[in-house]
1. Those residues that are surrounded by 13 or more Cβ atoms within 10 Å (Cβ to Cβ) and outside any helix (DSSP H, G or I), I need them from the range 300-311; list them, please.
2. State all residues of the range 252-269 that are part of a helix (DSSP H, G or I) and touching a strand residue (DSSP E or B) at 6+ places or on another chain (Cβ under 9 Å); if no residue qualifies, say none.
3. Output the qualifying pairs, or none if there are none: Cβ atoms under 7 angstrom, residues six or more apart or on different chains, first residue in the range 80-108 and of a type in the set (Lys, Arg), second residue surrounded by fewer than 12 Cβ atoms within 10 Å (Cβ to Cβ).
4. Can Ile288 be described as assigned to a strand (DSSP E or B) and touching a Cys at 6+ places or on another chain (Cβ under 7 Å)?
5. Quick test of your reading of the structure: Glu297 fulfils all but one of (1) in a helix (DSSP H, G or I); (2) open to solvent by 60 Å² or more (accessible area, probe 1.4 Å); (3) of a type outside the set (A, V, I, L, M, F, W, C); (4) over 24 Å from Asp251 (Cβ atoms). Name the failing condition by number.
6. Do we have any residue at all in the range 200-216 that's under 17 Å from Pro139 (Cβ atoms) and either assigned to a strand (DSSP E or B) or touching a residue at least 24 places away in the same chain (Cβ under 8 Å) (or both)?
7. Against the definition (within 18 Å of Asp16 (Cα to Cα), open to solvent by less than 70 Å² (accessible area, probe 1.4 Å) and either at pLDDT below 85 or in a helix (DSSP H, G or I) (or both)), how does Leu98 come out, yes or no?
8. If I filter the range 233-251 for residues that are touching a helix residue (DSSP H, G or I) at 6+ places or on another chain (Cβ under 8 Å), assigned to a helix (DSSP H, G or I) and surrounded by 22 or more Cβ atoms within 10 Å (Cβ to Cβ), do I get at least one hit?
Amino acid sequence: MKWKKFRIKTKTEAEDIVISTLYDIGLEGAQIEDNVPLTPLEKEQMFVDILPQMQEDDGTAYLSFFVEETEDGELLMNGEVTTEETILNAVKTELDGLRDFMDIGEGSIAIDETEDIDWINNWKQYFKQFYVDDILIIPSWEEVKEEDKNRMIIHIDPGTAFGTGMHETTQLCIRQLKKFVKEDTELLDVGTGSGILSIVALKLGAKHAVGTDLDPCAVPAVEENKEANEIPTQDFDMMIGNIIDDKEVQDKVGYEKYDIVVANILADVLVPLTPVIVKQMKKGGIYITSGIIDNKEETVVEAVKAAGLEVLEVTYQGEWVSVTARKN
């Protein structure tokens, strides 16, 4: 279907009130564009595969609302036929009302017609099969080529909520897993997302994996990818919660039981995570981290050493860093 897009230029501090006000007249599901810096919690909940490159925040925000357009060119809002002029006038009236008691900025309105897009599946065009050395990582909608059938093949559908595995940090982790996974390996995967690192480890011969994540969407994503890779249910368990400060999650994960802990998350999360996660590791256990932009390398290395771990190796790909350490 086609959509008419109403894009409003406003100010970041007015975003919530503008969205709420226009919701009352039937415009829902705003797309927000701004350059507000991420909070520590937002950083904690993000995956580095989708880490944004943001410009300096100038206080400007754009709010876009989408109204369905029929083949006849009519607009449908809340199931009723309306017109572009009617919507435009209603939006202007609401914005003018807001100006009486707050600064909403320019308040200009631009109108565009979007292309006929499958909003749910459009992201798939950006995820193609790729290789990490001798491993092929491929989405379900692509075919394995004849010449690749003897490779280790990992089927991953990241969905709209998680990274694809194409990011350099994920590849750095996979290469370290190849070095350290053994047949009896117990793996803990912090920030598991789509489950790609745990699934790779299990395919490499690990005995069992536990994944933790803050996002409940990780549960169906992991289940689907387990099934796609024929991973037995009992070999890969999932838990939702923050292992850094949630004692219940820490207890469920267990203490001094993991041969490898892998954490592909932001450096600012690795710093508080590291002294906690040491308690989950066996003596001699390996700690593989990534998600580290190059200017944060020393910060993570210092955190790893401060937790009593021995740094074994620091590896690089592009501007990203992986730090691998051992609990002695």
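1. Hits for the range 300-311 are Ala307, Leu309, Val311.
2. Lys252, Val253, Ala267, Val269
3. Taking only residues 6 or more apart or on different chains, not a single pair turns up.
4. It is true that Ile288 is assigned to a strand (DSSP E or B) and touching a Cys at 6+ places or on another chain (Cβ under 7 Å).
5. (2)
6. Yes: one or more hits.
7. Yes; evaluated as a whole, the condition is true for this residue.
8. Within the range 233-251, not a single residue is touching a helix residue (DSSP H, G or I) at 6+ places or on another chain (Cβ under 8 Å), assigned to a helix (DSSP H, G or I) and surrounded by 22 or more Cβ atoms within 10 Å (Cβ to Cβ).
The values are calculated or read from the model by the stated rules, or taken from the named source; none is laboratory data. The model shown is predicted, which means the values in this text are computed figures rather than measured ones. Ideal geometry is used to build each Cβ from the backbone, glycine not excepted, and the neighbour counts take in all protein chains shown. Note: accessible area is taken over every heavy atom of the protein model, side chains too, but ligands, DNA and RNA are not part of it. Shrake-Rupley method; radii C 1.70, N 1.55, O 1.52, S 1.80 Å.
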